[in-house]
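**Q** The structure is given below, and queries will be raised subsequently.
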Ligand SMILES: Cc1cc2nc3c(=O)[nH]c(=O)nc-3n(C[C@H](O)[C@H](O)[C@H](O)COP(=O)(O)OP(=O)(O)OC[C@H]3O[C@@H](n4cnc5c(N)ncnc54)[C@H](O)[C@@H]3O)c2cc1C
């Protein structure tokens with residue numbers, strides 16, 4: 001069998017694998033092979049995301065991942081090259097029940113204690129931001145002006161281009177088909193082209209991370225769930241550059257994509273799977289839900305060709321799985337972002353590089369994100385997921 005060697009093998013050329021490979025290379029570990037099963041890079045979830053970035057989480061570690069990542073995205077072109085196209089239009093979260101509002105006030109206080117500029121707003125103030133919103137049943141809203149959206153494709157390809165300039169190798173159409181172990185160590189990753197002997201392997205396979213974990217006989221609880229994104233024809237009655245706005249009670253969200261409105265709502269009842277066709281039946285529920293909060297949307301036309309579906313990579317607690325595996329310390333997880341992998345990719349790459357090169361992630365404490373939590377801890381799910 002044809003054999004190669006590399007210091008690190010990164011499985012998956014999405015935004016997370018690209019960030020991991022970049023951060024390794026930027027610290028001098030350039031002998032990396034990035035394996036991508038598709039014919040080209042950045043075709044998985046990264047290319048199908050709604051591209052939102054926000055600080056507004058309920059768990060401190062998620063807020064910290066966002067603070068680090070969004071700061072890096074602000075300086076992406078000068079630090080990495082390429083473009084992140086970060087648009088800090090904010091995230092506006094609308095709340096209509098007292099219990100949730102109490103939690104959102106606590107979340108806002110937590111975020112502010114970490115230096116995030118989250119504000120609480122009265123319902124009437126929402127009308128200054130999005131006129132014609134139904135606010136009579138709202139209790140309040142939270143708004144962070146430093147949230148927004150970005151260009152995930154630009155970020156991932158920017159990381160990959162710089163990483164390859166530094167010496168890393170990208171292998172397209174090259175799936176990892178087996179992970180060879182000797183006792184408690186990975187020795188090689190097998191591909192249809194042969195074996196790659198390596199010192200480190202990083203599972204950055206997005207929605208397929210569970211399958212890649214199984215190649216090493218590991219149980220990595222990440223499952224793919226379809227999520228659809230819908231788009232209107234150009235529609236001026238929703239102002240340009242509104243924040244990414246979420247009606248927390250229903251889960252309906254929208255933002256502007258140039259002159260169109262991009263919107264969606266997760267179908268929580270759909271079982272896991274890899275179906276990538278747009279769910280047109282679900283669209284009716286999404287529209288019915290959305291027009292309750294934003295009645296003006298009833299007047300918008302749908303741009304069928306601009307709608308798409310992608311896969312969320314969901315863990316049981318909606319928290320990512322990061323770091324070295326205790327049973328196999330030279331295998332690392334960088335997956336399970338549960339719909340937040342774009343916004344947490346810069347921090348993830350930096351932390352995985354620390355795990356490998358410094359022995360342990362230290363810029364942000366990721367102990368509660370390690371895979372061991374599923375076997376020996378009561379899970380603390382992230383509450384702010386949509
Ligand atoms: C509709 C939708 C909306 C979203 N909105 C947001 C948002 O607003 N903000 C946000 O932060 N996140 C959002 N997400 C989530 C975000 O897109 C993901 O968390 C992120 O893209 C994960 O990146 P990744 O690199 O881990 O995965 P991917 O981009 O899926 O990359 C994984 C790669 O691994 C490759 N691969 C898999 N198995 C193998 C193998 N055996 N060998 C080699 N290669 C393999 C795949 O082909 C793929 O290219 C959204 C996702 C969807 C679907």
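The values are calculated or read from the model by the stated rules, or taken from the named source; none is laboratory data. Keep in mind the model is a prediction, meaning the values are calculated, not measured. Here the Cβ positions follow ideal geometry from the backbone for every residue, glycine too, while neighbour counts run over all protein chains shown.
Residue-wise test of (1) surrounded by fewer than 23 Cβ atoms within 10 Å (Cβ to Cβ); (2) over 19 Å from the mean Cα position of the chain (by Cα); (3) within 25 Å of residue 353 (Cβ to Cβ).
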site: 183; (1), (2), (3): yes, yes, no
site: 191; (1), (2), (3): yes, yes, yes
site: 197; (1), (2), (3): yes, yes, yes
site: 202; (1), (2), (3): no, no, yes
site: 218; (1), (2), (3): yes, yes, yes
site: 234; (1), (2), (3): yes, yes, no
site: 241; (1), (2), (3): yes, yes, no
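**Q** If you don't mind, another one. May I ask you to verify whether residue 83 is touching a helix residue (DSSP H, G or I) at 6+ places or on another chain (Cβ under 6 Å), away from the ligand (no atom under 12 Å from the Cβ), in the same structural domain as residue 346 (by TED's automatic domain parsing) and touching a residue at least 12 places away in the same chain (Cβ under 8 Å)?
**A** no
**Q** Then there is this: Are any residues in the stretch 100-141 in contact (Cβ under 8 Å) with a residue 60 or more places away in the chain and farther than 19 Å from residue 243 by Cα, and if so, which ones?
**A** Within the stretch 100-141, 100, 103 qualify.
**Q** Can you report the number of residues in the stretch 23-38 which are within 6 Å of the ligand (Cβ to nearest atom) and either part of a helix (DSSP H, G or I) or surrounded by fewer than 24 Cβ atoms within 10 Å (Cβ to Cβ) (or both)?
**A** So the answer is 2.
**Q** Next question, about the same structure. With (1) away from the ligand (no atom under 16 Å from the Cβ); (2) buried (at least 20 other Cβ atoms within 10 Å of the Cβ) as the list, and residue 41 as the residue in question, which single condition is left unmet?
**A** Result: residue 41 fails condition (1) only.
A quick yes/no check of all residues on (1) assigned to a helix (DSSP H, G or I); (2) at pLDDT 95 or above; (3) within 30 Å of residue 135 (Cα to Cα); (4) out of contact with any helix residue (DSSP H, G or I) (no Cβ under 8 Å at 6 or more places or on another chain):
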position: 298; (1), (2), (3), (4): yes, yes, yes, no
position: 310; (1), (2), (3), (4): no, yes, no, no
position: 316; (1), (2), (3), (4): no, yes, no, no
position: 324; (1), (2), (3), (4): no, yes, no, no
position: 344; (1), (2), (3), (4): yes, yes, no, no
position: 348; (1), (2), (3), (4): yes, yes, no, no
position: 353; (1), (2), (3), (4): yes, yes, no, no
position: 365; (1), (2), (3), (4): no, yes, no, no
position: 384; (1), (2), (3), (4): no, no, yes, no
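**Q** From the set of residues in the stretch 139-166 that are more than 30 Å from residue 120 (Cβ to Cβ) and in contact with a strand residue (DSSP E or B) (Cβ under 8 Å, 6 or more places away or on another chain), which is surrounded by the fewest Cβ atoms within 10 Å (Cβ to Cβ)?
**A** 164
**Q** Within the stretch 179-204, take every residue that is in a loop (DSSP other than H, G, I, E, B) and within 17 Å of residue 6 (Cβ to Cβ) and give me the one that is farthest from the ligand (Cβ to nearest atom).
**A** 193
**Q** Here is a further query. Mind checking which residues of the stretch 277-316 are touching a residue at least 60 places away in the same chain (Cβ under 8 Å), under 26 Å from residue 382 (Cα atoms) and surrounded by fewer than 15 Cβ atoms within 10 Å (Cβ to Cβ)?
**A** If the condition is that a residue be touching a residue at least 60 places away in the same chain (Cβ under 8 Å), under 26 Å from residue 382 (Cα atoms) and surrounded by fewer than 15 Cβ atoms within 10 Å (Cβ to Cβ), then 316 is the only one that fits.
**Q** Would you mind finding the one in 82, 44 that is modelled with pLDDT under 95 and under 21 Å from residue 17 (Cβ atoms)?
**A** 82
**Q** Of the residues 315, 289, which single one is within 23 Å of residue 225 (Cα to Cα) and away from the ligand (no atom under 16 Å from the Cβ)?
**A** Going through 315, 289 in turn, just one is within 23 Å of residue 225 (Cα to Cα) and away from the ligand (no atom under 16 Å from the Cβ): 289.
**Q** Criterion first (surrounded by 15 or more Cβ atoms within 10 Å (Cβ to Cβ), under 20 Å from the mean Cα position of the chain (by Cα) and free of Cβ contacts under 8 Å to residues at least 60 places away in the same chain) does residue 67 satisfy it?
**A** Yes, satisfied.
**Q** Go over the candidates 20, 89, 61, 10 one by one and state the one that is more than 14 Å from the ligand (Cβ to nearest atom) and either assigned to a helix (DSSP H, G or I) or at pLDDT 95 or above (or both).
**A** Testing whether each residue is more than 14 Å from the ligand (Cβ to nearest atom) and either assigned to a helix (DSSP H, G or I) or at pLDDT 95 or above (or both) leaves just 61.
**Q** Please go through (1) part of a strand (DSSP E or B); (2) in contact with a helix residue (DSSP H, G or I) (Cβ under 6 Å, 6 or more places away or on another chain) for residue 220 and return the number of the only condition it doesn't satisfy.
**A** In the conditions (1) part of a strand (DSSP E or B); (2) in contact with a helix residue (DSSP H, G or I) (Cβ under 6 Å, 6 or more places away or on another chain), residue 220 misses (1) alone.
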